[in-house]
Amino acid sequence: MAGRRPAPAALLLLLLAAAFAHISSAVRPVSDAHRSAAAELFAPSADGSFGDLESTYEAVRTFQILGLENYKSLSGKACKFAAENLASPGPTAKDLFHAVRISGVLRCGVDAGVYDGVVVTLKAVIKDTNSLLEFYYSVGGLLSIKEQGHNVVLSDAESTFHAIKALSQSDGRWRYDTNSAESSTFSAGIALEALAGIVSLADAEVDPSMVGVVKNDIVKLFDTIKSYNDGTFYFDEKHVDATEYKGPITTSASVVRGVTSFAAVVSGKLNIPAEKILGLARFFLGIGLPGSARDCFNQIESLSFLENNRVFVPLILSLPSIVFSLTSKDQLKVEVTTVFGSAAPSLKVNLVQVLGSDSKVITSENKELQYDLDNNVHYLDIAPLKIDVGKYSIVFEISLQEPEHETVYVTGGRNTESIIVTGLIKVNKAEIGISDNDAGTVESVQKLDLLKDTKVSLSANHLQKLRLSFQLTTPLGHTFKPHQVFLKLKHESKVEHLFVVPGSARQFKIVLDFLGLVEKFYYLSGRYDLELAVGDAAMENSFLRPLGHLELDLPEAPEKAPRPSAQAVDPFSKFGPKAEISHIFHAPEKRPPKELSLAFTGLTLLPFIGFLLGLVRLGVNLKNFPSLPGPAAFASLFHAGIGAVLLLYVLFWLKLDLFTTLKYLGFLGIFLVFVGHRTLSYLSSVSTKQKTA
């Protein structure tokens, strides 16, 4: 395999990701990740709303189940939205259903008179309809009002029960109305939820025989459940119009709500296999983080119904970590909780079997895990298991310690979890050399230490071969075969060639016959950098190691020989170091003699000397200097200002530029005008007084 290929580092990341992909979706209870996802999926719009009534209810209900505070901060607008729909003229049963449930979740203060009107409207719908959805919305709305503390009784409960039951089919599914030819699994769920509501609203006991018939319908419904090989169960539609198809998540959620609601209000236990309830819990947890708000609501609410129900409460076995290091002597830790992470009843967890990646039994010794009460985990040291690095399937067996718990909880008996055991891989007998093409005589062999920086220098022509070999062994001394072993040769022109290093039962060895590779190498002679990449998810010391370089002498390329394709330009190369700029400045101009420069400097002092002589000639004195403190201060400042101006001239000559000098001179000028005016005004007034005297 040659030519330009992705870098080994990139391949290493891709292969490691692929190695973890099949075990990264392990079932885990609801966690903070679900809460973060819900907060993001149900983010309100700019005006603080969630859209229609149904979306608003799904948002506040999800937040309530997950214990998020978001729904409380939005209760004002949501309650107002619900109240407006409850009080609006001619609302549909669906709108009333969602508005009442929003008020129930947020505990909105709804006037009793408003609810009385809603009750009358919903009872009228029940009396006149033959639609399953209308029954569902009306009964659900009445039940929600009753749960909020209002007295609601359905006097014709038995006839309503019969009307809904008349829509059922022999396979446990339901039709949407009497005119529907098709039945659906989703409608079976809402039918069971509606029947549960009728039992709760009835003023007398519903006919036990009819309840028994519905129980049998539920058994038939569970006969249609679908499953995966890992023990996951889910419901989906058989044959239904595309406009009515809901998908496995919505359909399964409908059935879970209906079955658990019905089981909660009738006497006796439903005859549903425990493993199917556990499989439904695994299905919803296996979704992980849903991609839509509707799926998130269905997932979280369904799990809340399974968390505490009268059929079976599923207990989930999960691993806090699926990667265990032999180097750091990690412990195998197991958690057994409800779907929301609550503690399970007293139970034992045994490791009964360890299977290799090829399903071969590694050990079948039964070992009981110790229980850490403080952290609610069962643990076991993996060192005594004598398992090597690699992927394994661990089979656990959960057994409840109290017999009465067996009718309440379901554990699934044996649970299989996938893990990866990592460790340091030893690299031995690494050699690289050049041999002749015909006899295979090795001309030069160099030992390599692939766990340290190694730099070899080799040379070869097209009649020779490059040989590289090494061994990889696990901590227990077994031969190790990583996911990737690549040798890369990179020409000085940036053309790369990537080769897979094959492995046998004893060693990894590659022989590059340059005579057969001249075309793939595009007849490019010159320096080739050698690089070896060895990586695996179970290998703690995976490496991407430069080996040195090879000077390769290939024949001249024929006229029609293939040429290497243009190499991709690294978009970040423009940010790298630039080439050094070499520049020679012009020779400086010839300067005048030093004596001439000093002479002209002296000439510049002549005006200052003339100024001093002028002062002497004029007979300058301080006879008129003010004697009073105030005028004397202004006079002193005036003379100091003149001195500052002279000093500024000196600084301009020595270091200051013109603009800086003018800036300072402007400030000094304003200062001199002020103090000079005060000084001259004082002298003028003194002169006037002397003349008057």
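Side notes on the structure shown:
- Considering residues of segment 353-404 that are basic (Lys, Arg) and in a loop (DSSP other than H, G, I, E, B) only, the residue surrounded by the fewest Cβ atoms within 10 Å (Cβ to Cβ): Lys360
- Residue identified as over 22 Å from Ser328 (Cα atoms) and assigned by the TED database to the domain that holds Ser342 among Glu431, Glu417, Glu397: Glu397
- Test set (1) open to solvent by less than 60 Å² (accessible area, probe 1.4 Å); (2) more than 22 Å from Gly149 (Cβ to Cβ); (3) at pLDDT 90 or above; (4) assigned to a helix (DSSP H, G or I) - Pro29 fails condition number: (4)
- Taking each residue of segment 462-483 that is in the same structural domain as Gly433 (by the TED database) and in contact (Cβ under 8 Å) with a residue 24 or more places away in the chain and looking for partners that are of a type in the set (Asp, Glu) and buried (at least 20 other Cβ atoms within 10 Å of the Cβ) with beta-carbon atoms closer than 6 Å, six or more apart or interchain, yields Pro482/Asp536; His483/Asp536.
- Qualifying residue in segment 565-572 (condition: touching a residue at least 24 places away in the same chain (Cβ under 8 Å), more than 30 Å from His483 (Cβ to Cβ), open to solvent by 30 Å² or more (accessible area, probe 1.4 Å) and under 47 Å from the mean Cα position of the chain (by Cα)): no
- For segment 306-334, the set of residues classified as without any contact (Cβ under 8 Å) to a residue 60 or more places away in the chain and crowded, with 21+ Cβ neighbours inside 10 Å consists of Leu306, Val311, listed by residue number.
- When Leu289 is tested against (1) in contact with a helix residue (DSSP H, G or I) (Cβ under 7 Å, 6 or more places away or on another chain); (2) under 29 Å from Leu41 (Cα atoms); (3) modelled with pLDDT of 95 or more, only condition (3) is not met.
- Residue list for segment 482-520, restricted to those being closer than 18 Å to Leu458 by Cα and not in a strand (DSSP E or B): Glu492, Phe514, Leu515, Leu517, Val518
- Considering residues of segment 449-481 that are among the β-branched types (Val, Ile, Thr) and not in a strand (DSSP E or B) only, the residue modelled with the highest pLDDT: Thr474
- Residue match in segment 63-73 (condition: open to solvent by less than 30 Å² (accessible area, probe 1.4 Å), assigned by the TED database to the domain that holds Ala293, modelled with pLDDT of 90 or more and over 20 Å from Pro44 (Cα atoms)): no
- Scanning segment 512-539 for residues that are among the β-branched types (Val, Ile, Thr) and either farther than 25 Å from Ala561 by Cα or modelled with pLDDT of 95 or more (or both) yields a total of 1.
- Candidates Val349, Val339, filtered to the one that is of a type outside the set (Ser, Thr, Tyr), open to solvent by less than 10 Å² (accessible area, probe 1.4 Å) and part of a loop (DSSP other than H, G, I, E, B): Val339
Every residue, every condition in (1) exposed (fewer than 10 other Cβ atoms within 10 Å of the Cβ); (2) within 20 Å of Leu646 (Cβ to Cβ), yes or no:
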residue: His583; (1), (2): yes, no
residue: His586; (1), (2): yes, no
residue: Glu589; (1), (2): yes, no
residue: Pro593; (1), (2): yes, no
residue: Ser597; (1), (2): no, no
residue: Pro607; (1), (2): yes, yes
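- Residue, farthest from Ile609 (Cα to Cα), within segment 641-668, restricted to residues that are among the small types (Gly, Ala, Ser) and surrounded by 13 or more Cβ atoms within 10 Å (Cβ to Cβ): Gly641
- Selection from segment 497-522 of residues that are among the hydroxyl-bearing types (Ser, Thr, Tyr) and surrounded by fewer than 17 Cβ atoms within 10 Å (Cβ to Cβ): Ser504
The values are calculated or read from the model by the stated rules, or taken from the named source; none is laboratory data. Given the structure is predicted, the values throughout are model-derived calculations rather than measurements. With ideal geometry, Cβ positions are generated from the backbone for all residues, glycine too; neighbour counts draw on all protein chains shown. These accessible areas exclude ligands, DNA and RNA; they are computed on the full protein's heavy atoms, side chains included. Shrake-Rupley method; radii C 1.70, N 1.55, O 1.52, S 1.80 Å.
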